[in-house]
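Visitor: Please find one structure pasted underneath; my questions will follow.
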Amino acid sequence: MSDRILIIDFGSQVTQLIARRVRESGVYCEIVPFNKAEEVFESFAPKAVILSGGPASVTGIESPRAPQAVFEAGIPVLGICYGQQTMCEQLGGKVETSDHHEFGHAQIKVMQDCALFDGVVTAGSEETVWMSHGDRVGQIPSGFEVMATSEGAPYAAIADESRRFYAVQFHPEVVHTPNGTKMLSNFIHKIAGCAGDWTMAAFKDVEIAKVREQVGDGKVICGLSGGVDSSVVAVLLHEAIGDQLQCVFVDTGMMRSGEADQVVSLFRDHYNIPLIHRDASDLFLGKLDGVSDPEQKRKIIGGTFIDVFEEEAKNIGGADFLAQGTLYPDVIESVSFTGGPSVTIKSHHNVGGLPDRMNMQLVEPLRELFKDEVRVLGRELGLPEDFVGRHPFPGPGLAIRIPGEITDEKLDILRKADVIYLDEIRKAGLYDDIWQAFAVLLPVRTVGVMGDSRTYEYVCALRAVNSTDGMTANYYPFTHEFLGRTSTRIINEVRGINRVVYDVTSKPPGTIEWE
């Protein structure tokens, strides 16, 4: 078994970034909420533990704590922000509320060399980091020494190197700490001694073996959406259990242009995977008739999907297992500090939950992977690059890219605009540089003049962002020439649109979905 690191989450918006950095270094890790950490710690048997940041105050009543066993196990521990503060409080130090808060870039002055800073910064020099704290450590525990200070944090970095305990007030996991990744790598490899030998090829073999053990001779039904996640799940399961797998592709009528034909061609003709193609577009559009509320639309789509899927499952004589493309961010987001794992089918299929009447167990081979890791696994399984590299597309599809009521006319207009937008992106050689790009048909009409005529037509918004895992994103900086060329094509070629705008908002951390 490869080395593993456990990340104890205290509610930071950027905890997932810690996991990304650990996995990028070739080490497997998992995130567990602090109130579940004690039961997980023993069974997980990590080689090291990282304590995340969080919004609580250590000075508060019943504030979150790490399991004491973490500090008694003889393994390395790294505390970050709140993680530093609870480490100090639990080991005999003190945390205080300070009038000098630090949010944003800060300079730390390194007082001593230590393993955490090896090859990054030396004693006497300064380093730029990202701070985000109100409270601060006022007294360090016995055995710790000060490694760095800042204007607002006299104990910006501390260490008890004999016990391999390290703690920093700043956030090394974010890109705003330029050398933070190197510091984390030092902890992972030099301090914890992790080999960094976790690979996607090894993951594939392990997951195939897990699926075979879980399923046995049972029958599995898998809902294909045409997206990366469900496609990778289908191919992985087919490699694991062959014809015990039955895929069902429910066409909601809200797919991108030509997508239904692509799905059927790839899985039925190329992979020879048993596939039922159910065209339920009239049913879905009928259920959505007159509905404008976005959450209501999602619930209708989710509930209808379950009904159609359940009907198809009965038609094939039932199944013992339901396979779905749950990803690790879905798992993390579905676990609260007071609750437990959600039993909800991934929202790109529905948001209605898995009814007890379906009487199936879940098979979720991707639940330990981030989005970009799923793409790597897809390539490992031999999926075509145009499927593996395609931009994410939510299951409710175009329904959530048409704010307001859904009609056949609006769907037709949006599909045509989206095709032109993506065509221009591909012609410019930008498709693989962009994480996600799509058009939105806004629920407003504007007056315009086209030739000698006045028009009263829809506004189309274009969106494009850069991201690696869907947790944070920045808008893509298209040139004015590109936007002008694309807008002109859409207005000239798509009847029903007379104005195009570009969305330059960015996606904050801590949110998973785009819509």
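The values are calculated or read from the model by the stated rules, or taken from the named source; none is laboratory data. Quick caveat: nothing in here was measured; it's all calculated off a predicted structure. All Cβ positions, glycine included, derive from the backbone under ideal geometry; neighbour counts span all protein chains shown. Accessible surface is based on the protein model in full, side chains and every heavy atom, while ligands, DNA and RNA are left aside. Shrake-Rupley method; radii C 1.70, N 1.55, O 1.52, S 1.80 Å.
Visitor: Out of region 114-152, which residues are under 22 Å from PHE71 (Cβ atoms) and part of a loop (DSSP other than H, G, I, E, B)?
Guide: CYS114, ILE140, PRO141, SER142, GLY143, PHE144
Visitor: Are there any pairs with C-beta distances below 7 angstrom linking a residue in region 411-435 that is polar (S, T, N, Q) to a residue that is open to solvent by 10 Å² or more (accessible area, probe 1.4 Å) and not in a helix (DSSP H, G or I), with the two at least 6 apart or on different chains, and if so which?
Guide: Taking only residues 6 or more apart or on different chains, not a single pair turns up.
Visitor: Among the residues of region 193-201, are any modelled with pLDDT of 95 or more and either under 25 Å from GLU24 (Cα atoms) or crowded, with 23+ Cβ neighbours inside 10 Å (or both)? Talk me through it step by step, then tell me what you get.
Guide: Within region 193-201, the first condition is being modelled with pLDDT of 95 or more, and the residues that meet it are 193-194.
Among the residues that remain, those that are also either under 25 Å from GLU24 (Cα atoms) or crowded, with 23+ Cβ neighbours inside 10 Å (or both) are: 193-194.
For region 193-201, residues modelled with pLDDT of 95 or more and either under 25 Å from GLU24 (Cα atoms) or crowded, with 23+ Cβ neighbours inside 10 Å (or both): present.
Visitor: Which of the residues belonging to region 75-93 are small (Gly, Ala, Ser) and assigned to a helix (DSSP H, G or I)? Explain how you work it out, then say what you get.
Guide: Keep residues of region 75-93 that are small (Gly, Ala, Ser), which gives 79, 83, 92-93.
Hit for region 75-93 is GLY83, nothing else.
Visitor: Okay, moving on. Regarding region 485-500, can at least one residue be identified that is in a strand (DSSP E or B), surrounded by 20 or more Cβ atoms within 10 Å (Cβ to Cβ), at pLDDT below 95 and not hydrophobic (A, V, I, L, M, F, W, C)?
Guide: yes
Visitor: Please determine whether any residue of region 69-84 is open to solvent by less than 20 Å² (accessible area, probe 1.4 Å), more than 27 Å from the chain's Cα centre (by Cα), touching a residue at least 40 places away in the same chain (Cβ under 8 Å) and within 30 Å of ASP330 (Cβ to Cβ).
Guide: Yes, region 69-84 contains at least one residue that is open to solvent by less than 20 Å² (accessible area, probe 1.4 Å), more than 27 Å from the chain's Cα centre (by Cα), touching a residue at least 40 places away in the same chain (Cβ under 8 Å) and within 30 Å of ASP330 (Cβ to Cβ).
Visitor: Suppose we keep only residues that are open to solvent by 20 Å² or more (accessible area, probe 1.4 Å) and more than 34 Å from the chain's Cα centre (by Cα) within region 101-122. Which one would you say is modelled with the lowest pLDDT?
Guide: The residue in question is THR122.
Visitor: Can you give me the number of residues within region 170-208 that are part of a helix (DSSP H, G or I) and free of Cβ contacts under 8 Å to residues at least 24 places away in the same chain?
Guide: Quick first cut of region 170-208, residues part of a helix (DSSP H, G or I) only: 180-191, 200-208.
Now narrow it down to the ones that are free of Cβ contacts under 8 Å to residues at least 24 places away in the same chain: 205-206.
Residues flagged as part of a helix (DSSP H, G or I) and free of Cβ contacts under 8 Å to residues at least 24 places away in the same chain within region 170-208 amount to 2.
Visitor: Same structure, new question: If you scan region 241-265, which residues turn out to be charged (D, E, K, R), in contact (Cβ under 8 Å) with a residue 24 or more places away in the chain and more than 19 Å from TYR421 (Cα to Cα)? Walk me through it before giving the result.
Guide: Just the residues of region 241-265 that are charged (D, E, K, R), to begin with: 243, 251, 256, 259, 261.
Those left that are additionally in contact (Cβ under 8 Å) with a residue 24 or more places away in the chain: 243, 251, 256, 259.
Of everything in region 241-265, those that are charged (D, E, K, R), in contact (Cβ under 8 Å) with a residue 24 or more places away in the chain and more than 19 Å from TYR421 (Cα to Cα) turn out to be ASP243, ASP251.
Visitor: Out of the residues in region 238-254 that are among the small types (Gly, Ala, Ser) and more than 17 Å from GLU312 (Cβ to Cβ), which is surrounded by the fewest Cβ atoms within 10 Å (Cβ to Cβ)?
Guide: Let us first name the residues in region 238-254 that are among the small types (Gly, Ala, Ser), namely 240, 242, 253.
Next, only the ones that are more than 17 Å from GLU312 (Cβ to Cβ) stay: 240, 242.
Numbers: ALA240: 22, GLY242: 10.
In this case the residue turns out to be GLY242.
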